[in-house]
Each structure stands twice: as structure tokens, then as C-alpha cells.
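S.K.: Sending over a structure as C-alpha cells; questions will come in a sec.
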Amino acid sequence: MGWPLFGETPGFLKPHRSNSLGSFLQEHCSRYGKVFKSHLFGAPTIVSCDFELNMFILQNEGKLFPVDYPKVMHNILGKFSVLLVTGHLHKKLRSTIISFVSASKSESNFLHCVEMLALSRINSWDLNCKQVVFYKEAKRFSINVMLKHLLNINPDEPLAYKILENFENYIKGFVSLPLNIPGTAYSNAVQARIRLSSIIKDIIMERRKGNVGFVEGRDLLNVILSKQNLCDEEMVSIVLDLLFGGYETTAKLLSLIVYFLGGASNALERLKEEHQVIRKSKMERELLNLEDYKQMEFTQDVINEAMRCGNVVKFLHRKASQDVKFKEFVIPAGWKVLPVLSAGHLDHTLFENPLEFNPFRWKDNSTSKKVAPFGGGPRLCPAADLAKVEIAFFLHHLVLNYRWKIKADDHPLAFPYVEFTEGLLLDLEPTDTTFGYQHP
């Protein structure tokens with residue numbers, strides 16, 4: 001169970017490659033099996049690296065295993081975050097997000113916005129330098145999409161820079177000690193959340209006055225303002241939750257794809273071929289549409305395989321509400337439960353050569369039943385489809401116009417959240433044939 005108070009938390013959170021279990025889980029699984037007890041995050045804990053048990057936990061969220069995130073996340077996310085709330089409130093907030101996402105992913109305004117922002121980002125690269133810190137570029141692209149689609153804020157507006165600056169501090173607090181002392185990561189995150197909430201509340205007030213609107217279509221804020229059952233704090237939390245998920249998760253996944261493709265020439269060539277066919281079928285300067293996206297079948301395989309190998313979300317926080325028996329295990333009531341999603345993704349009994357990035361394995365329809373990169377059950381990530389559209393459209397122009405090599409010995413590390421310590425520095429080289437078009 002480890003040391004008093006700290007337990008085994010430092011070992012559990014020790015940085016390691018995100019496409020591996022890490023030494024802590026490898027050693028514990030070797031000694032105790034895929035399900036074992038420990039003391040993590042200040043509580044006695046059951047750790048599950050068993051895919052079947054993990055799916056059981058996710059499917060019974062709210063009944064047997066309610067969410068149980070550490071206090072540090074409660075204070076930063078706020079009491080109305082969809083990640084933390086339960087019961088009727090969770091259903092209400094989640095349904096609002098799902099209805100918006102469902103309408104957005106096939107809306108031409110959203111699709112065109114995503115493509116133009118992708119082109120704008122790619123065309124901003126200085127090819128005289130021929131090097132790009134890609135993780136930084138991916139974050140800029142994803143936050144620009146979210147700001148435009150959620151709040152109708154353009155990338156070059158001063159407010160966009162202000163939100164991005166605060167968001168960086170906001171995110172850093174999630175893996176910090178809950179010490180509310182000025183200057184600490186935790187304190188900076190709490191203050192950043194207060195400032196972000198104030199910014200969004202000001203935008204809400206302007207919308208209600210009729211001074212600001214969304215001419216081209218309905219952005220998220222207009223949608224939630226039309227809901228009569230949401231208070232202002234709930235609206236703020238929905239916006240911040242989607243900004244957080246759309247910014248961090250999408251940027252990490254896009255960076256992971258570029259990283260893995262850099263060492264998988266066969267997959268990269270197949271991806272290029274798919275996008276060449278799509279581009280050749282279109283008129284010059286014609287934007288991508290929903291039908292084009294539906295043709296990106298291998299692109300979806302690449303995205304799914306990068307989620308399996310890269311493990312943007314390594315584990316989830318749950319708690320047993322009562323004694324639960326599963327096979328030969330009894331999980332005691334009140335104990336913290338950590339389903340480790342990455343363990344199933346890297347399990348050699350479920351996948352052949354699980355550490356290998358191989359999108360071709362997704363030709364087997366059963367593969368999708370062995371992964372849970374977006375969680376599962378009633379808390380399955382509601383905005384996953386938006387992230388896939390953004391990534392697919394960005395990849396379309398990237399693979400058609402550039403070749404790349406990873407400059408430094410930089411690999412994705414779990415801290416436990418995935419990071420590229422060197423920023424994923426790429427050497428870029430334009431392809432011989434340009435299939436995309438340049439943003440005016």
C-alpha cells in the first residue's frame with residue numbers, strides 16, 4: 001500500500017511513454033495480476049488493468065461506480081462541470097452538448113470553418129526555416145476551431161489571445177498539488193478559471209443585449225442561451241468543458257498521429273492515396289464536405305489506432321458505492337477504483353503486437369470492441385465526433401502537401417496526461433505535387 005499519506009501515488013504518476021504501461025503498472029501486474037489494491041490519491045484503491053472489468057466499471061457508472069475525481073480537479077473545473085456532476089444534472093448538461101455536437105458535425109458552416117482554419121495554420125509555417133514545433137501548432141489549430149465554433153471568436157482577435165493565455169494556466173493545474181498558495185500551478189489554475197468564467201459571462205451579457213450575434217450559423221453559446229433550463233454557471237461550465245476537451249484532447253491526438261505516421265511509411269502512403277482520390281474528385285479550390293469526410297475510411301482507422309497506441313486518457317477516477325463482486329474479486333464499498341484504459345489497449349492477449357502502430361488492424365471489425373479511448377457507458381465523450389472531423393480535415397492538407405521527419409528524439413510521455421517534452425519538432429519538406437490549395 002506504499003507510504004503513509006502519499007501511498008504509491010508518486011510511482012503511479014511517474015512519467016513514461018504513453019504507448020507503454022510504465023514501470024509501476026508492469027511491475028504490479030507481474031507481481032499481483034491485472035487487478036490489485038494500492039493506496040493512490042489519498043485513498044485505498046483498486047487498480048484494474050483488466051479490460052473486461054474496466055468495461056463493467058464504465059457500464060455501471062452512477063449505479064455501482066460513481067465518478068470520484070480528486071479535490072484538485074473539483075476546485076478547478078467547478079461544481080457544474082459535466083465531468084463531475086451526477087444524476088439528473090449530468091443528463092441535462094450532457095444532452096445539451098450532444099444535441100449541439102450532433103448538429104455541428106454535418107453542418108457545412110462548421111466543416112468549412114475547420115478546413116479554412118487548418119489551411120490558415122498550415123500556410124502560416126515559415127518554409128525558409130523548414131521546421132515546425134508541431135504540438136504547439138496543433139494546439140493553436142484546435143483552440144482556434146473551438147473559439148470560433150463555440151463563441152464566434154476569430155483567431156486574430158485580442159480576446160482569443162487572452163483566453164488562450166488563461167487556458168494554458170488552467171490546464172497545468174490538473175496535475176498539481178492542491179496548494180492554494182500564490183504562484184503555485186494549482187493557485188494559477190484556480191485564478192485562470194475565475195478569469196475565464198468572467199470572460200464568458202461578459203460574452204453572455206453582450207449576447208443578451210443583442211450586441212453580439214453569430215451571423216453564419218448558430219454557435220454553442222447561442223444554442224445554450226436558447227435553453228430555458230440552464231443557469232449562467234451551467235452555461236459557463238459547458239463552454240469551458242468543451243474548450244478543454246476540444247483544445248487539449250484534439251491537439252494531443254493530432255500530434256500523436258503525426259508522431260506515429262513518421263515511423264509507419266506504409267500507413268502514411270495509404271493515407272496519402274485516400275486523400276489524393278478525394279482531392280482529384282473535386283474542382284479547384286473547392287472545399288471539403290460531409291461526403292468527402294465519409295470517404296475518409298482509412299483516416300478513421302489511423303485516428304483510432306493512434307488513440308489505442310497513444311492513450312490520451314490513461315485512466316479514470318471512480319468509487320465503489322457498495323461491495324461489488326466481479327468474478328473472483330470483491331471490491332469493497334467506499335474504495336477508490338481506477339480503470340486503466342491504456343492497459344487494455346496494450347494487452348497482448350487482445351492485440352497482436354500491441355505496441356506496434358498498425359492502422360490496418362482495424363479492417364477487423366472486432367478491433368473496435370477492444371478499445372475505450374473515449375471512455376464508455378453514460379460518460380462516453382460526447383464531443384468525440386467533432387475531434388475526428390477536425391483531425392481528418394487537417395490531415396487531408398498536411399499529407400497532401402508535406403513530408404516530415406521528427407527532428408529530435410521526442411516521444412509522447414504520460415505525465416499522466418500526454419505531453420511532448422520537446423514539442424514534437426518536425427523537419428518539413430513540401431511534396432512534389434500540391435493537391436490542396438492555398439488559403440488567400
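Read-outs throughout are calculated quantities, based only on the coordinates presented, and are distinct from any laboratory measurement. Not measured: the values here are computed from a predicted model. Glycine also receives a Cβ, built like all others from the backbone with ideal geometry; neighbour counts cover every protein chain displayed.
S.K.: Considering only Cα-Cα distances, which of the following residue pairs are longer than 21 Å: K294/K388; K14/K172; K336/K369; K136/K172?
M.R.: K336/K369
S.K.: Right, here's the next one. Stokes-Einstein D for the range 327-430 at 20 °C, 1.002 mPa s, Kirkwood Rh over Cα pairs, in µm²/s?
M.R.: The diffusion coefficient I find is 122 µm²/s.
S.K.: Next question. Just need log10 I(q)/I(0) for the range 1-50 at q = 0.14, 0.24, 0.27, 0.32 Å⁻¹, Debye formula, equal scatterers on the alpha-carbon atoms, no solvent, rounded to two decimals.
M.R.: For the range 1-50, the Cα-only Debye profile gives -0.32, -0.92, -1.10, -1.28.
S.K.: Something else about it: Modelled label-to-label distance, I181 and T349, 7 Å Cα→beta-carbon offset: nm?
M.R.: 4.6 nm
S.K.: Highest GNM mean-square fluctuation, the chain, Cα pairs closer than 10 Å: which of S342, S142, S38?
M.R.: Highest fluctuation of the listed residues: S38.
S.K.: Considering every pair of different Cα atoms, what Kirkwood radius, in Å, is found for the range 29-88?
M.R.: 13.4 Å
S.K.: Dipole size in debye (nearest 20) for the range 30-101 around its Cα centre, Lys and Arg Cβ +1, Asp and Glu Cβ -1?
M.R.: 180 debye
S.K.: A further question follows. With no solvent and one equal point scatterer per Cα, compute the Debye intensity ratio I(q)/I(0) for the range 278-375 at 0.14 Å⁻¹ and report its log10, rounded to two decimals.
M.R.: -0.70
S.K.: Note the per residue figure in Å³ for the convex hull of the C-alpha positions in the range 99-159.
M.R.: 92 Å³
S.K.: Also: Note the full-extension length gain between E168 and V133 as 0.36 nm times their separation in residues minus their Cα-Cα distance, in nm to one decimal.
M.R.: 10.9 nm
S.K.: Given the Cα-Cα distance of N222 and Q59 and 0.36 nm per residue of separation, how much length would full extension add, in nm?
M.R.: Here the answer is 55.4 nm.
S.K.: Farthest toward the dipole's positive end in the chain, which of V277, M235, P66, given Cβ charges of +1 (Lys, Arg) and -1 (Asp, Glu) about the Cα centre?
M.R.: After comparing all options, I get P66.
S.K.: Based only on the alpha carbon positions, what is the Kirkwood hydrodynamic radius of the range 75-193, in angstrom?
M.R.: So the Kirkwood estimate lands at 16.8 Å.
S.K.: Tell me, how many Å apart are the Cα centres for the range 406-428 and for the range 327-363?
M.R.: The distance from the Cα centre of the range 406-428 to that of the range 327-363 comes to 24 Å.
S.K.: Consider just the alpha-carbon atoms of the range 1-133 and return their Rg together with their Dmax, both in angstrom.
M.R.: Considering the range 1-133 through its Cα atoms, Rg and Dmax are 21.3, 58 Å.
S.K.: Another one. Please say if the range 166-310 is rounded, prolate or oblate, where rounded means a/c under 1.5 for a ≥ b ≥ c the square roots of the C-alpha gyration tensor eigenvalues, and otherwise the choice is prolate for a/b larger than b/c and oblate otherwise?
M.R.: Cα axes put the range 166-310 in the oblate bin.
S.K.: Under Stokes-Einstein, with the Kirkwood radius over Cα pairs standing in for Rh, what whole-number D in µm²/s applies to the chain at 25 °C and 0.890 mPa s?
M.R.: It comes out at roughly 107 µm²/s.
S.K.: What stretch of the chain, leaving out the sites themselves, is the longest with no GluC sites (Glu not before Pro) in a DSSP loop having at most 10 other Cβ atoms within 10 Å?
M.R.: 1-283
S.K.: Using the crude model of +1 on Lys and Arg Cβ and -1 on Asp and Glu Cβ, and no other charge, please compute the dipole size for the range 114-181 relative to its Cα centre, in debye to 20.
M.R.: Dipole size: approximately 160 debye.
S.K.: Shifting gears a bit: Can you tell me the length gained on complete extension of the stretch N123 to S102, counting 0.36 nm per residue apart and subtracting the Cα distance?
M.R.: Between N123 and S102, full extension yields an extra 4.6 nm.
S.K.: Positive end of the charge dipole of the chain (Lys, Arg +1 and Asp, Glu -1 on Cβ, about the Cα centre): tell me which of L386, W404, L288 has its Cα farthest that way.
M.R.: L386
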